[in-house]
Amino acid sequence: MSTRAAAPTAAVDAAAPSPVLAEVVRSGFVEGVHRGSLVVLDAQGRVETALGDVGRPVFPRSSNKPMQAAAILRAGLDLSGERLALTAASHSGETFHLELVQRMLADHGLTTADLQTPPDLPLDPVEAEAYLAAGRKREKATMNCSGKHASMLAACAVNGWDRSSYLDPAHPLQRLVLDVVEEAAGERVAAVGTDGCGAPLMALSLTGLARAFRAFVLAPEGSAERRVADAMRAHPEYVAGTRRPDTWLMREIPGALSKMGAEAVQAFALPDGRAIAFKIDDGAVRALGPVLARVLSALGVEAPALSRIAEVPLLGGADRVGEIRATAF
């Protein structure tokens, strides 16, 4: 495989902006909007709803992690349960996350010094405050992608692959990741960039991302893809954290697979094969919950978590004076 440089992003046509997916309403006044693109696949994998340009490549960011985890399994690393879920995680940096990362490294004679993640604080604000209050500093293992990186290093260890270059797009593990991404999405990767954690990042269309999540929930039992999906659904708190929407949704909606990504990307699949993928153009993660709740409600999905994520309150002083809410599309 040749290393693919990130292709220049096509200019957005000013005459045809993406549709408004969410509104910012303060004191009854719409003070802003969040535009984006969204696709819904029906149970047969056909496009049921397409808003905006769902064929344009985007970087799915951490929504690609289930595919990276499946590639790690295909590389021969034996993972299951919480360890496999953490491999596909953007973890919150809670104690149970960090302790498991340490054990996963130690099992293969590795340490946090081997990680090539950037030092960071816990992703969850509550955990970050407690972390700083305890006098701790940014660390590699605390970065939300450290579970994935620990497993990537372990896969290198079991295969005798070079560990120092495990993030090089030409590394055998990253070549395998690209193959899995393309196979699951049913399309060629449009560009390879670098994610925030330093790992290669494969660009897909939103339709391809939805196809990939659909492929994971429908994959045969025992396949790498199904094992990842099953681990994520069985241990959602390891995929995200105790205070995160992905966790709530996978706990409350039987068989659902949910994974958000930075810059406001969300991928979601139901066990019958229906799948959703969308991206907010301005990268506002705060819009993800309201948009996802609106789409799931329209699909007839019911769960307490939907009311928790359907609106993001806006405060005026100490009082709620508005909200971020999804539009009617």
Task: Net lengthening on full extension, residue 252/residue 223 (0.36 nm per residue, minus Cα-Cα) - done: 8.0 nm
TODO: Just check the stretch 240-292 against the gyration tensor rule for me: Cα atoms, a ≥ b ≥ c as the square roots of the eigenvalues, rounded for a/c under 1.5, and otherwise prolate or oblate depending on whether a/b exceeds b/c.
DONE: oblate
Task: Along each principal axis, Cα extent of the chain, largest first, Å - done: 59, 47, 38
TODO: For a label point 7 Å from the Cα of residue 113 along Cα→C-beta, name the residues of the stretch 126-166 whose backbone N is under 16 Å from it.
DONE: 140-141, 163-164
Open item on the list: Looking at the stretch 151-197, I'd like the Rg to Rh ratio, where Rg is from alpha-carbon atoms and Rh is Kirkwood's inverse mean 1/r.
Closed with: 1.00
TODO: Which order do the peptides 134-140, 104-110, 219-225 take when ranked by the mean count of other beta-carbon atoms within 10 Å per residue, highest first?
DONE: 104-110, 219-225, 134-140
Open item on the list: Can you tell me how the stretch 106-192 classifies by the Cα gyration tensor, rounded, prolate or oblate, using a/c under 1.5 as the rounded cut?
Closed with: oblate
Task: Check: the stretch 10-85 dipole with +1 on Lys, Arg Cβ and -1 on Asp, Glu Cβ, in debye - done: 240 debye
- [ ] Give, in nm to one decimal, the length gained when the segment between residue 272 and residue 315 is fully stretched (0.36 nm per residue of separation minus the Cα-Cα distance).
- [x] 11.6 nm
Open item on the list: Tell me the mean residue ellipticity at 222 nm calculated for the chain from its helices only (DSSP H runs of n ≥ 4, each -39500 (n - 2.57), averaged over every residue, nearest 500).
Closed with: -10500 deg cm²/dmol
TODO: Using a/c under 1.5 as the rounded threshold, could you call the stretch 183-275 rounded, prolate or oblate? The axes a ≥ b ≥ c are square roots of the C-alpha gyration tensor eigenvalues, and prolate needs a/b larger than b/c, oblate otherwise.
DONE: oblate
Open item on the list: At a 10 angstrom cut-off on C-beta neighbours, averaged per residue, how do the peptides 54-64, 208-218 rank from highest to lowest?
Closed with: 208-218, 54-64
- [ ] Work from the charge dipole of the chain (Cβ charges, +1 for Lys and Arg, -1 for Asp and Glu, about the Cα centre) and give the residue of 125, 93, 204 farthest towards its positive end.
- [x] 204
Task: Partnerless Cys - the chain, beta-carbon criterion under 4.7 Å - done: 156
Task: Dipole magnitude of the stretch 193-329 about its Cα centre (Cβ charges: Lys, Arg +1; Asp, Glu -1), debye to nearest 20 - done: 120 debye
Task: Charge dipole magnitude, Cβ of K and R +1, D and E -1 - the chain, Cα centre, debye nearest 20 - done: 140 debye
Task: Estimated distance in nm for a label pair at residue 30 and residue 308, the labels positioned 7 Å out from Cα along Cα-to-Cβ - done: 3.0 nm
TODO: Place +1 on the Cβ of every Lys and Arg and -1 on the Cβ of every Asp and Glu in the chain, take the dipole about the Cα centre, and give the residue among 267, 193, 314 whose Cα lies farthest towards its positive end.
DONE: 193
Task: Percentage, to the nearest whole number, of Cα pairs in the stretch 225-329 over 16 Å apart - done: 58 percent
Task: Accessible surface of the chain, 1.4 Å probe, proportion on carbon and sulfur as whole % - done: 51 percent
Task: Full-stretch length increase - residue 179, residue 234 - with 0.36 nm per residue and alpha-carbon distance subtracted - done: 17.2 nm
Open item on the list: Please compute the contact order of the chain in relative form: average sequence separation of alpha-carbon pairs under 8 Å and at least six residues apart, divided by the residue count, as a percent.
Closed with: 24 percent
- [ ] Filter the GluC sites (Glu not before Pro) in the stretch 229-320 down to the DSSP loop ones having no more than 12 other Cβ atoms within 10 Å, then list what survives.
- [x] 302
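The values are calculated or read from the model by the stated rules, or taken from the named source; none is laboratory data. These figures come from a predicted structure and were not determined experimentally. No Cβ is skipped: glycine too gets one built from the backbone with ideal geometry, and neighbour counts run over all protein chains shown. To get the accessible areas, we keep the full protein, side chains included, count just its heavy atoms, and leave off ligands, DNA and RNA. Shrake-Rupley method; radii C 1.70, N 1.55, O 1.52, S 1.80 Å.
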